[in-house]
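A.B. asks: I am attaching a structure below and will ask some questions about it afterwards.
The values are calculated or read from the model by the stated rules, or taken from the named source; none is laboratory data. Bear in mind the structure is a predicted one, so any value in this text is a computation, not a measurement. Backbone-built Cβ (ideal geometry, glycine too); neighbour counts: all protein chains shown.
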Amino acid sequence: MPGLNLAICREGSTLLQYFINFIFEVKIWRETIRNLSAENFLLRILRDFTQEFLTKFTISTSILETFSTSVHKTLHIKEVNNTTPNTSGQLGPYLAGLIESDGALITPKNYSGTPSIYISLQEKDRPFAEYLKNHLCYGSIQLEVSSPNAIRFVIRNKEGIIDILNLINGFFRTPKISKLHAMIDWVNTKPGYLFKPIAKLPLDSYQLNTNSWLAGFAEGDASFQIRITEGKYRIVTTTFELSQGRDDPVLFQAYKPIMEIIASFLLANLGVTLVSQFNRTGKQPLWRARNSSQAGSQIVVNYFTTFPLLTSKYLDFVGWKKAYMLIVSKAHLKKNGEEGFNLIKSIKANNNKNRTVFTWHHLKDMYTR
């Protein structure tokens, strides 16, 4: 957030004032404040300030520890089961998850090349790509050559590369962090590319419900399913599934830790399944985390209500959530008539790949810096 920091400097605000404002704006960081040492917490918040600016202020560890303790005692922040989207300050984690799921960071082998970052999306999500482009003020949208009905959101300009690296740095959770660090090394060492080096931050190890990373990650290979069994007994369940696959066996195994963390958070079962991939021979192994319990579905509802999806998958979630609430209220049972059950069937018939109507009003809740 270099632009924001510069504006703050010009207004003459103190570092402590900025720190206080940041705490109150980013409400979901309660767990982060509780677990971070004062030094590490300050590093994460102030990573975009110049060294010249930082030397003008001295805030002792004891002051920060006392302040963070005071925040916990005075702020009454709702847990992730609140119904208000938390988008302030969440653009970085969301983009990190999105890039780690269905994106790539391509670093040139030498300084004569140009680095690029891209995100793969379905053609139906072009309105989201356009909105993101306008939101960031850079990037381009291109057709995906190797896959039908797909597009890429591509960033190649210097300002965009630097901005994205600063936004996502510190929020990666998968082995793709090696690609992030490789690009940071490139921009740090290319003569004249940066005004100040970017510090390579480690994997984000905080709980998944502390930021929007999982929302971005789920935009890739996640699905909201409704399962209906009719017969003597009527069975209706909601299922959430998130998958990740890699061709390289070693890299595939390297994704196991993060998939275990996701499965544990969602109360899901984690397994490996083989699937056929477009334009490829043989089958690719996928890690698949799937939950089908009401407790697991409630966690999904809580999380994606707090940290909303932004592609058309948001619409699938909204329909799925309605079905889940009908199930919780037992409206689907025969003893309660057919209205609730028929509504669930209608939702199922028009969700996911069957969707023909798309609306984009939800983009007003786009994540901010």
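A.B. asks: In this structure, does Gly245 turn out to be over 19 Å from Trp320 (Cα atoms), over 17 Å from the mean Cα position of the chain (by Cα), assigned by TED's automatic domain parsing to the domain that holds Ala323 and without any contact (Cβ under 8 Å) to a residue 24 or more places away in the chain?
C.D. replies: Taking the combined requirement at face value, the residue does not satisfy it.
A.B. asks: Here's a follow-up. Suppose the filter is in the same structural domain as Ser178 (by TED's automatic domain parsing) and surrounded by fewer than 19 Cβ atoms within 10 Å (Cβ to Cβ); does Pro257 pass it?
C.D. replies: Answer is no for this residue.
A.B. asks: So which helices (runs of 4 or more DSSP H) are wholly in region 268-369 and hold at least 2 residues that are polar (S, T, N, Q) and crowded, with 17+ Cβ neighbours inside 10 Å?
C.D. replies: 294-306
A.B. asks: Name, by its number, the condition in (1) among the β-branched types (Val, Ile, Thr); (2) closer than 26 Å to Asn291 by Cα; (3) free of Cβ contacts under 8 Å to residues at least 60 places away in the same chain that does not hold for Ile226.
C.D. replies: Going through (1) among the β-branched types (Val, Ile, Thr); (2) closer than 26 Å to Asn291 by Cα; (3) free of Cβ contacts under 8 Å to residues at least 60 places away in the same chain one by one, Ile226 breaks only (3).
A.B. asks: Report yes if some residue within region 252-261 is assigned to a loop (DSSP other than H, G, I, E, B), in contact (Cβ under 8 Å) with a residue 12 or more places away in the chain and over 25 Å from Asp163 (Cβ atoms); otherwise report no.
C.D. replies: yes
A.B. asks: Right, next: With surrounded by 21 or more Cβ atoms within 10 Å (Cβ to Cβ), closer than 22 Å to Lys313 by Cα and acidic (Asp, Glu) as the only criterion, which of Glu100, Glu144, Glu130, Glu123 stands out? Please lay out each step first, then the result.
C.D. replies: Numbers: Glu144 fails: surrounded by 21 or more Cβ atoms within 10 Å (Cβ to Cβ); Glu130 fails: surrounded by 21 or more Cβ atoms within 10 Å (Cβ to Cβ); Glu123 fails: surrounded by 21 or more Cβ atoms within 10 Å (Cβ to Cβ).
From the options Glu100, Glu144, Glu130, Glu123, the qualifying one is Glu100.
A.B. asks: Now for a separate question. Out of region 195-212, which residues are of a type in the set (Lys, Arg) and modelled with pLDDT of 95 or more?
C.D. replies: Looking only at region 195-212, we keep the residues that are of a type in the set (Lys, Arg), and these are 196, 200.
Answer for region 195-212, where residues must be of a type in the set (Lys, Arg) and modelled with pLDDT of 95 or more: just Lys200.
A.B. asks: Still on this structure: What tally of residues in region 303-335 results from selecting those that are more than 17 Å from the chain's Cα centre (by Cα) and among the polar types (S, T, N, Q)?
C.D. replies: The qualifying residues number 1.
A.B. asks: From the list Gly231, Gly220, which residue is in a loop (DSSP other than H, G, I, E, B), modelled with pLDDT under 95 and not assigned by TED's automatic domain parsing to the domain that holds Ser101?
C.D. replies: Only one candidate qualifies: Gly231.
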